[in-house]
1. For residues in the stretch 164-204 being part of a loop (DSSP other than H, G, I, E, B) and open to solvent by 100 Å² or more (accessible area, probe 1.4 Å), which is modelled with the lowest pLDDT?
2. Which residue pairs have Cβ atoms under 9 Å apart, sit 6 or more places apart or on different chains, and have a first residue in the stretch 89-107 that is in contact (Cβ under 8 Å) with a residue 60 or more places away in the chain and more than 19 Å from Phe157 (Cα to Cα) and a second that is open to solvent by less than 60 Å² (accessible area, probe 1.4 Å) and in a strand (DSSP E or B)?
3. Test Gly102 against the stated conditions and say whether it is at pLDDT 80 or above and closer than 20 Å to Leu164 by Cβ.
4. How many residues, within the stretch 66-79, are open to solvent by less than 90 Å² (accessible area, probe 1.4 Å) and without any contact (Cβ under 8 Å) to a residue 12 or more places away in the chain?
5. Which condition breaks for Phe82 when tested against (1) within 28 Å of Pro150 (Cβ to Cβ); (2) open to solvent by 60 Å² or more (accessible area, probe 1.4 Å)?
Amino acid sequence: SRHLAQRILGIASSYEIEYLRADGGRLPVLIYGAPLRDEAGQLTGIIGLSIDIADRRRAEQAFQQERQLLRTLIDTLPDPIFVKDRQGRVLVINQATRKFLGFATNDEALGKTVFDLFLPEAAELFHQDDLTVISTNQAVINREEPYLLPSGANGWFLTSKVPLRDATGEVIGLVGISRDITQEKAAVAERQKFEHKLQETQKL
């Protein structure tokens with residue numbers, strides 16, 4: 001179109017536009033354009049290339065839908081879920097993690113490490129697990145670990161961590177999920193204490 005030519009004339013450019021097809025559908029097209037000059041360097045027109053990007057658009061839409069589905073899924077799950085890079089920095093958390101850590105937004109956790117989020121005793125255990133997963137490419141499944149928060153809150157996690165790989169298979173971080181089992185462990189301890197007292201009573 002004349003409007004497009006005026007935008008391209010004088011500088012190499014690319015634009016996405018949609019053509020209206022005869023059947024009423026829309027065809028997304030990527031236009032590459034560059035100025036055409038004569039031997040004296042004077043602008044004489046444009047030279048262009050148009051590429052049908054309908055497949056790319058569909059792939060992008062499918063990717064966005066899958067990403068939204070994954071985001072919805074992890075935010076619906078009641079257990080803390082987190083993604084970290086190779087240095088142990090937080091890349092993604094879900095709503096359960098945000099609530100557990102006491103943050104107003106998920107973004108407050110981004111870039112932080114376990115040493116920023118937990119007291120040193122607990123942070124070191126978590127960090128060693130992270131290093132094991134990343135260096136060995138092996139998952140850590142259902143590991144019981146104590147947690148200690150700067151607020152003084154403490155308890156136990158049942159944690160699983162798996163390597164996160166890019167498209168080439170290289171480990172670029174990890175994905176983890178932790179379940180707070182503090183109450184369950186306390187209940188087990190109370191039951192064991194009761195059973196022990198019962199056994200002692202029966203001996204009398």
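1. Only one residue fits best here, namely Leu204.
2. So the pair list comes out as Leu91/Phe82; Leu91/Val83; Leu91/Lys84; Leu91/Asp85; Leu91/Leu164; Leu91/Gly173.
3. Numbers: at pLDDT 80 or above: yes; closer than 20 Å to Leu164 by Cβ: no.
Spelling it out, it is not the case that Gly102 is at pLDDT 80 or above and closer than 20 Å to Leu164 by Cβ.
4. As a first pass, look at the stretch 66-79 and keep what is open to solvent by less than 90 Å² (accessible area, probe 1.4 Å): 71-72, 74-75, 77, 79.
Applying the additional criterion that residues be without any contact (Cβ under 8 Å) to a residue 12 or more places away in the chain yields 71-72.
Total satisfying the criteria: 2.
5. Failing condition for Phe82: (2).
Yes/no matrix, rows are residues, columns are (1) of a type outside the set (S, T, N, Q); (2) in contact with a helix residue (DSSP H, G or I) (Cβ under 8 Å, 6 or more places away or on another chain); (3) outside any loop (DSSP other than H, G, I, E, B):
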| position | (1), (2), (3) |
| --- | --- |
| Val83 | yes, no, yes |
| Phe100 | yes, no, yes |
| Gly111 | yes, no, no |
| His127 | yes, yes, yes |
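The values are calculated or read from the model by the stated rules, or taken from the named source; none is laboratory data. Predicted, not measured: the structure shown is a model, and the values here were computed from it. Quick reminder, even Gly has a Cβ in these numbers, built from the backbone with ideal geometry, and neighbours come from all protein chains shown. These area figures cover heavy atoms from the full protein model, side chains too; ligands, DNA and RNA do not enter into them. Shrake-Rupley method; radii C 1.70, N 1.55, O 1.52, S 1.80 Å.
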